[in-house]
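S.K.: Pasting a structure below so you can have a look.
The values are calculated or read from the model by the stated rules, or taken from the named source; none is laboratory data. Only a predicted model underlies this, so the values are computations on that prediction, with no experimental measurement involved. All Cβ positions, glycine included, derive from the backbone under ideal geometry; neighbour counts span all protein chains shown. The protein model used for the area step is the full one, side chains on, heavy atoms only, and it has no ligands, DNA or RNA in it. Shrake-Rupley method; radii C 1.70, N 1.55, O 1.52, S 1.80 Å.
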Amino acid sequence: MSWSIKAARVNAGYTQKGAAEALGVSEKTVCNWEKGMAVPMADKFVEMCRLYGVSVDDIILPSKSS
């Protein structure tokens, strides 16, 4: 399964504000990640995936169609 950053956040039950607070970044930063206007640093990306309960591969690898 492939998740977008926004879908992973919503599925985990976080608002942009809640995710930003948990990750120690601004709400605007989370918004920019979700819009593809910025890319999280590797450490924040891993932290975000843990927070959302998805693997790094779930976000960065395209889903495989059967």
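S.K.: Per residue, how much accessible area does the chain show when a 1.4 Å probe rolls over the protein heavy atoms, in square angstrom?
M.R.: Per residue, the chain has 66 Å² of solvent-accessible surface.
S.K.: Where does each of 29-37, 53-61 land if you order them by average Cβ count within 10 Å, highest first?
M.R.: Answer by packing, highest mean first, reads 29-37, 53-61.
S.K.: Measure off, as a whole percent, the carbon and sulfur share of the 1.4 Å-probe accessible area of the chain, all protein chains present.
M.R.: Roughly 55 percent, rounded to a whole number.
S.K.: Length gain on complete extension for the stretch residue 27 to residue 15, per 0.36 nm per residue less the alpha carbon to alpha carbon distance?
M.R.: Taking residue 27 through residue 15 to full extension adds about 3.4 nm, to one decimal.
S.K.: With every protein chain kept in the model, how would you rank 50, 9 by accessible area, 1.4 Å probe, largest at the top?
M.R.: Solvent-accessible surface, decreasing: 50, 9.
S.K.: Before anything else, pin down the relative contact order of the chain: Cα pairs under 8 Å, at least 6 apart, normalised by residue count, whole percent.
M.R.: 44
S.K.: Could you work out [θ]222 nm for the chain from helices alone, using -39500 (n - 2.57) per DSSP H run of at least four and dividing by all its residues? Round to the nearest 500 deg cm²/dmol.
M.R.: The per-residue figure over the chain is -16000 deg cm²/dmol.
S.K.: Hey, what does the equivalent ellipsoid look like for segment 26-66, semi-axes from the Cα gyration tensor as sqrt of 5 times each eigenvalue, largest first, whole Å?
M.R.: 20, 13, 8
S.K.: Between 22, 40, 5, whose Cα lies farthest towards the positive end of the dipole of the chain when Lys and Arg beta carbons carry +1 and Asp and Glu beta carbons carry -1, centred on the Cα centre?
M.R.: 5
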